[in-house]
1. Go through the range 121-158 residue by residue and tally those that are touching a helix residue (DSSP H, G or I) at 6+ places or on another chain (Cβ under 8 Å) and part of a helix (DSSP H, G or I).
2. For the range 349-446, which fully contained strands (runs of 3 or more DSSP E) count at least 2 residues that are without any contact (Cβ under 8 Å) to a residue 40 or more places away in the chain?
3. Out of all the residues in the range 70-100, which are in a loop (DSSP other than H, G, I, E, B) and touching a Lys or Arg at 6+ places or on another chain (Cβ under 8 Å)?
4. Within the range 268-285, is even one residue under 20 Å from residue 174 (Cα atoms), out of contact with any Lys or Arg (no Cβ under 8 Å at 6 or more places or on another chain) and of a type in the set (Gly, Ala, Ser)?
5. Does the range 295-318 hold any residues that are of a type in the set (A, V, I, L, M, F, W, C) and either surrounded by fewer than 22 Cβ atoms within 10 Å (Cβ to Cβ) or farther than 18 Å from residue 183 by Cα (or both), and which are they?
6. Do we have any residue at all in the range 232-245 that's among the acidic types (Asp, Glu) and surrounded by 15 or more Cβ atoms within 10 Å (Cβ to Cβ)?
7. Here is a check on your reading of the model: is residue 345 modelled with pLDDT under 95 and surrounded by fewer than 16 Cβ atoms within 10 Å (Cβ to Cβ)?
8. With respect to residue 258, is the statement that it is closer than 19 Å to residue 330 by Cα, aliphatic (A, V, I, L, M), assigned to a helix (DSSP H, G or I) and modelled with pLDDT of 95 or more true?
Amino acid sequence: MADSTQQAQAQAQVLELDDIQGTLLRQRPSPYTGAYVLLRIDDPADGRQMLQRLIPHVASAARWWDPPSRAWLSVALSHAGLRALGVPQASLDSFPDAFREGMAARAARLGDTGESGPDHWDAPLGSSDVHLALSVFAPDSTGLEALLEEGREALRGLPGVEVIYRLDATQLPTKRTHLGFVDGIGEPDVEGAGIASILQTDRDHYGYMPGFGPTIKAGEFVLGYENQLGRLTSMPEPDVLARNGTYVAFRKLHMKVADFRRYLRDNASSPEGEELLAAKMVGRWRSGAPLVLAPEHDDPELAADPARANDFTYRQDDPAGLRCPMGAHIRRMNPRDALDETLVDVRIHRALRRGTTYGPPLPEGQLDDDGAERGIVFIFMGADLVRQFEFLKTQWANDGDFTGLGTEKDPLIGDNDGTGTFTIPRRPVRRRLQQLPRFAVTKGGEYLFMPGIRALNWIAALQT
């Protein structure tokens with residue numbers, strides 16, 4: 001056993017953590033305050049000068065625990081942004097189709113239709129004006145403003161770069177989403193991420209509950225490394241641009257909190273029943289305790305133990321979905337071992353997720369919408385937009401065939417239209433909820449590329 005363990009360790013890939021932007025492998029602090037800032041680049045030289053000034057403030061995965069400026073900055077670019085900075089056409093053409101087309105062009109396949117369609121998105125999201133995206137996070141407002149001031153300095157004297165959008169994202173006092181659920185549970189552990197890997201993150205300092213399951217090859221998330229298929233994921237050219245980078249799906253989702261509360265009230269006979277129904281739709285209680293391990297009542301003590309809260313399977317522990325329904329949100333997004341007897345390898349469809357809340361909370365117990373903008377920004381990161389993010393959306397969120405549920409969609413993030421259903425298995429008779437509305441409305445999104453730090457320097461040094 002010792003020999004096999006040593007052999008596995010010897011074969012493990014070693015990541016260049018000092019070249020990987022930290023947000024890819026690390027969790028932001030908790031509590032946090034932050035902002036997403038989008039820029040348009042009208043002059044390539046000004047854009048490269050701005051990028052050169054920002055790079056020293058980008059925290060790598062190696063320096064994540066001691067970042068520059070005591071705050072965390074990451075940089076990502078759209079395909080139009082790479083062009084605006086003067087990246088050669090041959091390199092632009094080497095990127096995959098999904099990235100070149102952008103999220104808005106692929107909205108229909110993602111279920112972004114009707115009120116979630118690009119024609120209803122918040123400007124300038126989804127437009128060709130979005131060139132560069134900055135995410136800025138800090139433990140407090142002082143750190144945030146200090147780094148934002150560094151950003152303003154980076155733009156000083158550069159009229160060819162313009163800030164076109166800012167979205168403030170501050171953790172709610174409850175440290176939960178607007179729907180009341182703990183988020184960020186069940187992230188995959190990345191091979192080679194080191195002693196400060198996602199799975200080993202100190203929860204007391206960073207408020208993160210680690211994932212459960214086998215370590216996944218780094219090449220599923222970081223370009224330039226072997227993936228689960230035993231090969232390198234296709235990369236853009238040249239190698240210096242691609243290596244240690246990743247693709248990002250940026251999603252701004254408005255959450256219909258009042259609608260969610262009313263739906264629970266209308267389909268349950270008591271407050272306790274409402275909580276159980278909410279847990280059935282998500283697959284976990286609001287505390288984060290999984291239904292597979294706590295099927296009847298919430299168990300905050302269980303939820304507080306990261307290892308126990310993820311120590312379960314579906315095929316062995318709940319094959320019929322009597323505890324956690326087949327169509328529940330977390331069972332769809334990570335089927336774990338439920339598909340082991342099929343040809344689907346769950347590990348090649350995982351993505352790293354970073355969720356942040358925006359907007360004020362709806363007062364507890366209020367059932368009428370107050371018109372405020374509130375929701376969550378979802379950041380999906382992976383080496384293959386189609387095989388990971390788009391697969392999750394099209395096959396697992398918006399299709400029920402893989403769970404034997406036909407046209408049923410994810411009850412939380414699916415593109416439901418008021419005619420959807422949600423099935424709760426139980427004995428002797430299952431329960432089927434009707435008229436499921438859309439609770440998450442897409443307000444904008446974009447496909448971005450997050451280069452490694454060497455790649456950022458390469459772009460900044462380009463000459464047109």
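The values are calculated or read from the model by the stated rules, or taken from the named source; none is laboratory data. Note that the structure is a prediction, hence the values are computed from the model and not measured. With ideal geometry, Cβ positions are generated from the backbone for all residues, glycine too; neighbour counts draw on all protein chains shown.
1. 8
2. Result: 420-424, 431-436.
3. Answer for the range 70-100, where residues must be in a loop (DSSP other than H, G, I, E, B) and touching a Lys or Arg at 6+ places or on another chain (Cβ under 8 Å): 85, 86.
4. No: the range 268-285 contains no residue that is under 20 Å from residue 174 (Cα atoms), out of contact with any Lys or Arg (no Cβ under 8 Å at 6 or more places or on another chain) and of a type in the set (Gly, Ala, Ser).
5. Listed by number, the residues that qualify are 302, 304, 307, 312.
6. no
7. The answer is yes for residue 345.
8. So residue 258 fails the test.
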